[in-house]
1. Taking segment 494-519, which residues are surrounded by fewer than 22 Cβ atoms within 10 Å (Cβ to Cβ), free of Cβ contacts under 8 Å to residues at least 60 places away in the same chain and of a type outside the set (S, T, N, Q)?
2. Can you tell me which residue within segment 285-306, out of those that are outside any strand (DSSP E or B) and of a type in the set (A, V, I, L, M), is nearest to the chain's Cα centre (by Cα)?
3. Take the residues in segment 102-131 that are part of a helix (DSSP H, G or I) and either in contact (Cβ under 8 Å) with a residue 60 or more places away in the chain or touching a Cys at 6+ places or on another chain (Cβ under 6 Å) (or both); name whichever of them is least open to solvent (accessible area, probe 1.4 Å).
4. Give me the pairs, please: first residue somewhere in segment 425-436 and closer than 18 Å to LEU576 by Cα, second residue anywhere and among the β-branched types (Val, Ile, Thr) and not in a loop (DSSP other than H, G, I, E, B), beta-carbon distance under 9 Å, and either six or more positions apart or on two chains.
5. Which condition breaks for SER439 when tested against (1) out of contact with any Lys or Arg (no Cβ under 9 Å at 6 or more places or on another chain); (2) open to solvent by less than 60 Å² (accessible area, probe 1.4 Å)?
Amino acid sequence: MHLLFDEAGKFLAGRILSETDASAQVELDSGKRVKVKAANQLLRFEQPGPTELLAQAQAQAAEVDPALAWEFAPETEFGFADLATDYFGDAPGPVQQAAALLALHEAPHYFRRAGKGRYRKAPADIVAQALAAIEKKKQIAAQVSAWADALARGECPAPIGEQLYRILFKPDKNAPEYKAVVEAARATQMAPLALLTRAGAISSPYQFHWQRFLFENFPRGTGFPPLEVPQLHEELPLAPVQAVSIDDAQTTEIDDALSLRGLGSGRVVLGIHIAAPGLAIAPGDALDEVGRARLSTVYMPGHKITMLPDAVVQAWTLTAGQAVPALSLYLTLDEASLAIEGSETRLERVPIAANLRHDQLDGLITNAWLEQADAGADDAGLAIGRAELAFLYNLAQHLKARREQVRGKPEPAGRPDYSFRLVGQHGEAPSGDETVVISQRQRGAPLDLVVSELMILANSTWGDWLKSLGVPGIYRSQASLAPGIRVRMGTRALPHAGIGVSSYAWSTSPLRRYVDLVNQWQLIACARHGKAAALAAPFKPKDAQLLAIVSAFDAAYAAYGAHQASMERFWTLRHLQQHGTTELTATLLRELPGGAWLVRADTLPLVFSVMGAQALARGAQVRVRLGNIDPIALDVHGSITEVLAAPGATALDNGEANGSGEDEDVTAGPLAIAVELDEAEAPAPDPTAP
């Protein structure tokens with residue numbers, strides 16, 4: 001005697017060896033023996049054999065019309081033998097009964113299980129819905145296949161072109177457009193980006209990267225709603241200074257300027273003047289909502305997306321020839337020792353004498369030029385005297401040395417800064433076809449050092465002041481210089497070990513960084529109300545809004561930094577193509593899985609992988625032959641052809657992150673997409689589920 005039984009939803013058959021009232025011992029044709037409970041026993045039969053029964057039943061089940069069977073089936077619960085009688089006629093044999101069982105099991109949209117071998121007809125409306133869903137699924141599968149065939153032929157169906165960035169970066173893996181790309185990539189054995197490029201979905205590498213960034217961060221576009229430029233409705237005193245700003249030539253959001261009085265008197269007053277849009281923009285107003293949505297200006301070669309509308313920026317930027325509202329920090333210093341004897345913060349209008357530019361003056365204002373300050377040499381027509389600049393440079397060196405004492409070791413020399421200039425750009429945004437000129441500016445040049453050290457001084461001084469008055473702010477901190485300890489943002493005034501200050505609150509760029517604007521509101525309250533500022537400041541201690549701003553800013557700032565790094569990598573690759581560069585000198589950074597090494601180009605802002613460095617060590621300088629350049633994937637590889645120098649201290653010092661943690665650049669690598677060719681297909685929802 002043989003037995004057909006249900007084993008965890010799978011139908012098996014075998015020879016009965018022994019049985020009791022509760023179970024039977026069954027031997028399968030494979031020789032395996034199983035214990036089958038009585039509740040799982042479905043059909044006993046003598047002929048044919050177990051394997052033949054299942055094979056013949058499967059063949060007959062395929063011929064059963066489920067719609068006709070549904071019409072025959074009783075309205076009440078029934079067994080598979082009952083359906084076999086109705087469908088095949090009186091006294092159906094074991095094969096026909098098993099065929100009815102398999103047909104019922106394989107038509108869940110018509111029949112619902114009510115127990116082992118027991119079923120109920122699905123309601124007519126449910127059957128109709130299920131059949132419609134099945135038909136739709138068939139149509140979608142056919143559409144996916146047609147789209148995949150088109151992609152394989154080098155044609156891009158319109159729906160895939162329209163959904164390009166969603167498919168690649170934020171896909172719904174059950175969407176037909178995504179499935180078509182995966183199916184075509186598998187069929188052609190091409191990478192998805194190469195497949196889509198060949199099909200014409202990606203026509204411009206530059207536009208691809210630009211539109212990807214907009215899709216992820218500015219889905220509604222980069223324009224501003226109609227907003228009025230806020231006006232200052234209070235009279236501010238005019239500061240008795242002539243301030244100058246020092247920025248790059250492309251800078252339009254001029255946030256900071258410097259002034260100096262009393263040089264030669266023994267006591268000097270240094271002024272650090274910060275644009276004060278916080279006097280007119282109020283928390284919660286329309287401009288604040290815009291700034292809080294963007295959180296920062298986005299920078300990239302040849303273009304930028306400002307945090308605030310240009311009319312607002314122009315109204316509050318520190319433009320030369322105007323007396324501009326500013327939040328000023330005045331520091332009184334002993335001229336000989338450079339010791340800070342006192343500080344004061346004021347709200348005032350500051351006359352701006354000039355907007356100096358790094359790229360135009362770095363070649364002039366050198367260490368040697370500044371050393372001539374006592375020789376009565378001319379000031380080269382600058383709005384600030386050579387003696388004043390020399391004093392500021394000496395002060396900057398003094399401040400840096402003082403911070404390095406707190407750090408416990410000197411700051412790394414750091415890598416050069418690179419600037420990108422696009423020649424032939426027409427219009428506000430680049431097209432990607434411009435000629436790129438990449439120039440290098442070594443960090444630590446006199447003007448660069450003056451600006452960076454005095455901004456650190458302002459941010460740390462104001463951070464300490466907020467803390468002393470019990471006014472919350474947004475701080476950057478670093479617990480130690482130990483490996484893996486990163487810079488964090490928060491609302492507590494904690495030390496910043498990397499910079500070497502007791503607290504550090506970004507406050508000097510309120511036109512282009514939202515946290516600086518938030519801190520400026522708090523500082524304005526301190527300047528107006530002194531010890532009572534905690535009661536008047538817009539953000540109170542433990543304010544949940546501050547924590548929300550910190551979280552949102554961290555995410556946005558990281559995304560914007562990654563885009564800037566990606567676009568700089570794009571233009572660096574374009575620079576290699578435009579100059580026909582086939583070789584570079586580079587320094588080994590670290591070994592990658594698989595034997596490749598990561599290297600940093602010595603004269604360009606480019607990190608890439610190379611082969612052939614297995615016997616070398618980190619810090620070695622090598623000559624690299626470049627392979628194919630892919631501006632869409634932002635990828636280039638190379639192979640080492642010559643070892644130029646063994647590892648040295650300089651190479652290691654300039655290798656990876658700056659110890660301050662504040663100047664860690666985002667190193668863009670090959671583009672990562674979200675299309676997975678190796679993963680199993682995500683299961684589609686069951687259209688028959690209740």
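The values are calculated or read from the model by the stated rules, or taken from the named source; none is laboratory data. Bear in mind the structure is a predicted one, so any value in this text is a computation, not a measurement. Cβ placement follows ideal geometry from the backbone for every residue including glycine, while neighbour counts extend to all protein chains displayed. Heads up: the accessible areas ignore ligands, DNA and RNA and are worked out on the full protein's heavy atoms, side chains in. Shrake-Rupley method; radii C 1.70, N 1.55, O 1.52, S 1.80 Å.
1. Once the filter is applied, which keeps residues that are surrounded by fewer than 22 Cβ atoms within 10 Å (Cβ to Cβ), free of Cβ contacts under 8 Å to residues at least 60 places away in the same chain and of a type outside the set (S, T, N, Q), segment 494-519 yields LEU494, PRO495.
2. Taking segment 285-306 as the starting set, the residues that turn out to be outside any strand (DSSP E or B) are 285-295, 297, 301-302, 306.
From the residues that got through so far, the ones that are of a type in the set (A, V, I, L, M) too are 286-287, 290, 293, 295.
Numbers: ALA286: 27, LEU287: 25, VAL290: 21, ALA293: 16, LEU295: 14 Å.
Per the criteria, the residue is LEU295.
3. Initial filter on segment 102-131 (part of a helix (DSSP H, G or I)): 102-105, 124-131.
Then drop every residue that is not either in contact (Cβ under 8 Å) with a residue 60 or more places away in the chain or touching a Cys at 6+ places or on another chain (Cβ under 6 Å) (or both), which leaves 102, 105, 126, 129-130.
On the way: LEU102: 18, HIS105: 66, ILE126: 52, GLN129: 114, ALA130: 1 Å².
For segment 102-131, the residue satisfying everything is ALA130.
4. That search, which allows pairs on different chains as well, returns GLU434/VAL423; THR435/VAL423; VAL436/VAL423; VAL436/THR572.
5. (1)
One line per residue, one yes/no per condition, for (1) without any contact (Cβ under 8 Å) to a residue 24 or more places away in the chain; (2) closer than 30 Å to ASP635 by Cβ; (3) part of a helix (DSSP H, G or I); (4) in contact with a strand residue (DSSP E or B) (Cβ under 9 Å, 6 or more places away or on another chain):
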| site | (1), (2), (3), (4) |
| --- | --- |
| LYS540 | no, no, no, no |
| GLN545 | yes, no, yes, no |
| ALA552 | no, no, yes, no |
| SER566 | no, yes, yes, yes |
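Every residue, every condition in (1) closer than 18 Å to PRO283 by Cα; (2) polar (S, T, N, Q); (3) modelled with pLDDT of 95 or more, yes or no:
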site: LEU454; (1), (2), (3): no, no, yes
site: SER460; (1), (2), (3): no, yes, yes
site: GLY463; (1), (2), (3): no, no, yes
site: LEU466; (1), (2), (3): no, no, yes
site: TYR475; (1), (2), (3): no, no, yes
site: VAL487; (1), (2), (3): no, no, no
site: VAL515; (1), (2), (3): yes, no, yes
site: ASN519; (1), (2), (3): yes, yes, yes
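Here's the yes/no breakdown for (1) outside any strand (DSSP E or B); (2) open to solvent by 40 Å² or more (accessible area, probe 1.4 Å):
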position	(1), (2)
LEU573	yes, no
LEU576	yes, no
GLY594	yes, yes
VAL599	no, no
LEU604	yes, no
ALA617	yes, yes
VAL622	no, no
ILE632	yes, no
